[in-house]
Amino acid sequence: MAKLLSTRVAIVGAGPAGLLLGQLLHRAGIDNLVLERRPIARVLARIRAGVLEEGTVRLLEEAGVADRLHREGLVHEGIEIAVQGERRRIDFRALTGRQVVVYGQTEVTKDLVEARRAAGLPLLDEVSDVLPVDLESERPRVLFRRGGEAFELSCEIVAGCDGFHGICRSRIPASRLRTFERVYPFGWLGILTRARPVSDELIYAYSERGFALFSMRSPTVSRLYVQCAPSDPVEAWPDERVYEELALRVGPEVAARLERAPSIEKSVTQMRSFVAEPMRHGRLVLAGDAAHIVPPTGAKGLNLAAADVGLLARALVAFLRGNDPRPLDDYSERALARVWKAERFSWWMTSLLHKFPEGDPFRDRLQRAELDYLFGSRAQQTVLAENYVGLPLALD
Ligand code: RFL
Ligand code: PHB
């Protein structure tokens, strides 16, 4: 016999989407339970995104988890784009009046887990065989196993925040689900190092050798990426090779400031764009990577997850506390309108700054023209800046 549990919102996945949703619902007085497949320590060890939009920061404030972010986050008012060693600053403040904050996803997740623990809210990690059922009824359930026991969690809503490889998306009948996908012919090799960043701001570099990105986590920790083949094992990239390529791709002036400290983490990420429509089916709603993926070039993945959750939390409060189903009925369409704009921007930044495999000279010439146009046009720089700092959340 399965053990019976109940809650109002069953949240599958303790990534930033699931944890933020749990916190926003809790603050609105709505009971929720988070289920996570991995041990929480593993979730907290993942190194992923690093740039937060103002809208994401506001949602973290609303969730009551922004104190450390305000103390330790680095405010950035622009980025640099380097093309074959020549650099141009994109001044967010001058072009849009706005800014972003560099604060790692790892830290956001840590703050959310701590807040959840402090409030004594349930977070069950190391669960397996998670299966949401009866999603077309008013009383859906989530079946799962933990520590050798079977459980049955009854609820009113299942929130699928279980990332790209999660189970929830597949519970939408194939006849209702439409997916859109683009897989890029390259990946990113990323390293984390205890070294001072080469610059106060991020540098995105295009070169004939491929893309490179100089990012950071703090004034003493650098996060560095180089474009690689998607199938490259990390062993193909000893630190010396990573530094050699970073230096060649960004040019001598920045390379002279590059501290070649040993890497403390190294991984390869495949570049992909993906969207699933709709983001709701019956009593199942999807948020974050469970519904969509962007290549990391525009730093949008985590911010999109937060934007979904901002909309979703309001819709669930209206539905569960106010008996108003309309915001929930509109959730998928409203979220997707913003998702597709971020998909467009991430695809554009990716296409602009990566070296594509040989074979399409027309594409290559267009790319050069696009880079040239960006360097010369304030209007185009504004387009980049407006998208990078984040399009409006339109929550109210
Ligand atoms: P997450 O963070 O993937 O969290 C989903 C959680 O669900 C759990 N899970 C399950 N739990 C229970 N039952 C199941 N059946 C489950 N299946 C999965 C997972 O263990 C996990 O804990 O999704 P979320 O919350 O939507 O957050 C989205 C962001 O994490 C994501 O958009 C970004 O991190 C994307 N991303 C990056 N974005 C950037 O903007 N900049 C980056 O540099 C950047 N680097 C990355 C990334 C994503 C990566 N992934 C997913 C492979 C680097 C990597 C390696
Ligand atoms: C990062 O710091 O990990 C980072 C920053 C900007 C991006 C992608 C990743 O576009």
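Ratio of Rg to Rh for the stretch 152-192: 1.13 [Cα atoms; Kirkwood radius as inverse mean 1/r over pairs]. Counting only aspartates and glutamates at least 8 places from LYS355 when in the same chain, those with an alpha carbon closer than 12 Å to its own are GLU208, ASP364. Report summary: the helix-based calculation at 222 nm, which adds -39500 (n - 2.57) for every DSSP H run with n ≥ 4 and divides by the residues of the chain, gives -11500 deg cm²/dmol. The mean of 1/r over all distinct Cα pairs in the stretch 197-252, once inverted, gives the Kirkwood hydrodynamic radius of 11.8 Å. Measuring with a 1.4 angstrom probe and ignoring ligands and nucleic acids, ASP232 comes out at about 40 Å² accessible.
For the chain, the membrane-span-like helices by this rule, meaning whole DSSP H stretches whose C-alpha atoms cover at least 30 Å of axis and whose Kyte-Doolittle mean is -1.0 or above, are 301-322, 326-353; this says nothing about an actual membrane. Accessible area of ASP364 (1.4 Å probe, protein heavy atoms only, ligands and nucleic acids ignored): about 30 Å². Please state the shape class of the stretch 55-110: rounded when a/c is under 1.5, otherwise prolate if a/b exceeds b/c and oblate if not, all from the C-alpha gyration tensor. Taking the square roots of the gyration eigenvalues as a ≥ b ≥ c, the stretch 55-110 is prolate. Over the Cα atoms of the stretch 122-170, the radius of gyration divided by the Kirkwood radius equals 0.95; this is the Rg/Rh ratio. All Cα-Cα separations within the stretch 75-182 were binned at 5 Å from zero, giving a P(r) of 2, 8, 11, 13, 13, 12, 11, 9, 8, 7, 4, 2, 0, each value a whole percent of the pairs. Annotation: Cα Rg of the stretch 250-396 relative to the compact-globule expectation 2.2 N^0.38 Å equals 1.33. Taking the DSSP bridge list for the chain and keeping only pairs wholly inside it, about 70 percent are antiparallel.
When the solvent-accessible surface of protein heavy atoms is calculated with a 1.4 angstrom probe, in what order do ARG344, ARG368, ARG146 fall, highest first?
Heavy-atom accessible area, descending, gives ARG368, ARG344, ARG146.
Surface calculation, 1.4 Å probe, protein heavy atoms: TRP347 sits at approximately 110 Å² accessible.
Cα gyration tensor of the stretch 92-145, axes a ≥ b ≥ c as square roots of the eigenvalues: rounded (a/c below 1.5), prolate (a/b > b/c) or oblate?
Because a/c hits 1.5 or more and a/b exceeds b/c, the stretch 92-145 counts as prolate.
Would you mind classifying the stretch 336-382 by shape? Square roots of the alpha carbon gyration tensor eigenvalues, ordered a ≥ b ≥ c; an a/c under 1.5 is rounded, otherwise it is prolate if a/b is larger than b/c and oblate if not. Oblate is the answer for the stretch 336-382, as a/c is 1.5 or above yet b/c matches or exceeds a/b.
Charge tally for GLU138 (other residues, Cβ to Cβ under 12 Å; Lys, Arg +1; Asp, Glu -1): 0.
Computed over all pairs of different Cα atoms, the Kirkwood value for the hydrodynamic radius of the chain is 21.9 Å. Placing unit charges on each Cβ (+1 for Lys and Arg, -1 for Asp and Glu) gives the chain a dipole about its Cα centre, and among PHE151, GLN367, VAL83 the Cα reaching farthest toward its positive end belongs to PHE151. Net charge in the neighbourhood of ASP111 (other residues with Cβ under 14 Å of its Cβ; Lys, Arg +1, Asp, Glu -1) is -1.
Listed values for the stretch 223-232 are Karplus-derived 3J(HN,Hα) couplings in whole Hz (6.51 cos²θ - 1.76 cosθ + 1.60, θ = phi - 60°), namely 10, 10, 10, 10, 4, 9, 6, x, 8, 4, and x replaces Gly and Pro.
Semi-axes of the equivalent ellipsoid for the stretch 207-308, computed as √(5λ) from the eigenvalues of its C-alpha gyration tensor and ordered from largest down, come to 33, 15, 12 Å.
Positive end of the dipole of the stretch 249-373 (Cβ unit charges, origin at the Cα centre): among MET349, PRO278, ALA313, the Cα lying farthest that way belongs to ALA313. When the alpha carbon gyration tensor of the stretch 267-349 is reduced to an equivalent ellipsoid, the three semi-axes, largest first, read 26, 11, 11 Å. If the cut-off is a Cα-Cα distance under 13 Å, which aspartates and glutamates reach LYS300, setting aside same-chain residues fewer than 8 apart in sequence? Output for LYS300: GLU53, GLU54, ASP289, ASP308, GLU343, GLU386.
Neighbours of GLU126, meaning other residues whose beta-carbon lies under 11 angstrom from its beta-carbon, give a summed charge of +3 when Lys and Arg score +1 and Asp and Glu score -1. The rule of thumb for compact globular proteins, 2.2 N^0.38 Å, goes into the C-alpha radius of gyration of the stretch 141-293 1.39 times. Averaging over all projection directions, the Cα-based convex hull of the stretch 8-129 occupies 9.7 nm² in the image plane. A simple charge model with +1 on the Cβ of Lys and Arg, -1 on the Cβ of Asp and Glu and nothing else charged puts the dipole of the chain at about 260 debye relative to its Cα centre. In the stretch 1-61, the convex hull through the Cα atoms has an average projected area of 5.5 nm², a quarter of its surface area.
The values are calculated or read from the model by the stated rules, or taken from the named source; none is laboratory data. For clarity, every value in this text was computed on a predicted model and none was experimentally measured. Here the Cβ is made from the backbone with ideal geometry for all residues, glycine too, and neighbour counts use every protein chain on show. When the accessible area is computed, the model is the full protein with side chains, heavy atoms only, and any ligands, DNA or RNA have been set aside. Shrake-Rupley method; radii C 1.70, N 1.55, O 1.52, S 1.80 Å.
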